[in-house]
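For reference, the structure is listed below as structure tokens.
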Amino acid sequence: MKLEFDAHCKEIENFVPQNAQELEAFRLRFLGKKGLIPALFAAFKEVPNEEKKAYGLSINHLKTMAESVVEKFAADFSTAIVQSGEDLSRPAENFMPGALHPITLVRNEIVRIFERMGFTVAEGPEMEDDWHNFSALNFPADHPARDMQDTFFLSKNPDWALRTHTSSVQVRTMESQQPPIRIIAPGRVFRNESISSRSHCVFHQVEGLYIDKNVSFADLKQTLLEFAKAFFGDKTDIRLRPSYFPFTEPSAEVDIWWGLENEVDYRMTKGTGWLEIMGCGMVDPAVLQASGIDPEMYSGYAFGMGIERIAMQRFQIPDIRAFYENDVRFLRTFQGVL
Ligand code: DAH
């Protein structure tokens, strides 16, 4: 018996594992449930009484030795694993997630809703000429929107300006594609306006355009209702009020039913419960003609909405300037919003 203990003792003392697997094999051999040491403990009751004391001391000694070997090398291996970056079980390091800008969040959501209805995204330049921004859209030469007060002109000849709306993308798309056309054009627009909590000289719009045979005002209304329900919730409703835009005939202003339950609703809707969100109408035949599409054969609708207004409503942001100040405390509040 003594010889057996001595042999185990030697083995434990001389044991130097090369890796974690060898150490684990050692642990199982001595300390595992079916290992040597538990077996020696189990044999304790067979040991004659006079030998029990020495036997007990010996197995306890073996056990302590084996445990301290396991503990010592386990610590070595775990630091080695961490240092070599191989420990797949360690928790991820902390990182500071960024956030999408609220304008991007709202734009993406609007785009997704219209994409589901078969629209594709179109783009145009922010620096536009008079033709695409005004003339082709049926703006008369003396229209006030062309005025210095509204437009940032860049040069006279050629007549470059910063686009005042994304409706210019309508013209560019119709010039380069034949119907059926079904696009939305999100983008940045510029107006020479004084900056306040409600208006800014740089803001964003989403333009929509659908041109095909037999497109009707009913199609327009149904599409906008579908959008309003997807964006503002199933219970919302829309109403169309007659309006005027040079590039659509007839034209309408679209309100969504916001509700009138509390003071905030009252303030937001000026006591009506309705919130104005966009302009729309049937594309004026003169615009189709100017863009190279036969108005005898095709008709279509267009709409345009401001992203900032919708984002201000969605996130309860009282001042439009917050979007452009890049205050990280403001931007951080959108972390994790998708
Ligand atoms: N371009 C208009 C604006 O800047 C918005 C708009 C109204 C676009 C009616 C449209 C439309 O396509 O049909 O205020």
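Listing for the model above:
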quantity	calculated
For the range 290-337 versus the range 1-76, the gap between their alpha-carbon centres in whole angstrom	73 Å
Using a Förster distance of 22 Å, the FRET efficiency for GLU46-LEU3 (Cβ separation, nearest 0.05)	0.80
Point-to-point label distance, VAL337-HIS101, nm (Cα→Cβ direction, 7 Å offset)	1.4 nm
Prolate/oblate/rounded call for the range 2-83, Cα gyration tensor, a/c under 1.5 rounded	prolate
Gain on full stretching of the segment that runs from ARG90 to SER216 - 0.36 nm per residue minus C-alpha separation	39.3 nm
LYS156 paired with ARG239, simple spin-label distance in nm, labels 7 Å along Cα-to-beta-carbon	4.8 nm
Cα gyration tensor of the chain - equivalent ellipsoid semi-axes, whole Å, descending	78, 22, 21
Packing-based order for 137-146, 97-106, using average beta carbon neighbours within 10 Å, highest first	97-106, 137-146
The range 250-338: trypsin sites (Lys or Arg not before Pro) in DSSP coil with no more than 10 other Cβ atoms inside 10 Å	LYS270
Leading residue at positive end of dipole, the chain (Cβ point charges), from LEU57, MET96, VAL254	LEU57
Listed residue (PRO179, HIS143, VAL121) projecting farthest to the positive dipole end of the chain, Cβ model	VAL121
Unit charges at the beta carbon, dipole of the chain: most positive-side option, PHE315, GLY279, PHE30	PHE30
Shape call, the range 248-338: gyration tensor on alpha carbons, a/c limit 1.5	oblate
Choice from GLY271, GLY32, GLY208 showing the highest fluctuation, given a GNM over the chain with Cα pairs closer than 10 Å	GLY32
Separation in nanometres of the label points that stand 7 Å from Cα toward Cβ, at ALA75 and GLU11	2.6 nm
Dimensions in Å of the range 233-294 - Rg and Dmax from alpha carbons	15.8, 50
Qualifying lysines (Cα of each under 21 Å from Cα of LYS2; at least 8 residues distant if same chain)	LYS10, LYS45, LYS52, LYS53, LYS63
Unit charges on C-beta of K, R, D, E only; dipole of the chain, Debye	1140 debye
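Values quoted throughout were computed directly from the atomic coordinates according to the rules given, and no laboratory measurement underlies them. Only a predicted model underlies this, so the values are computations on that prediction, with no experimental measurement involved. Here the Cβ is made from the backbone with ideal geometry for all residues, glycine too, and neighbour counts use every protein chain on show.
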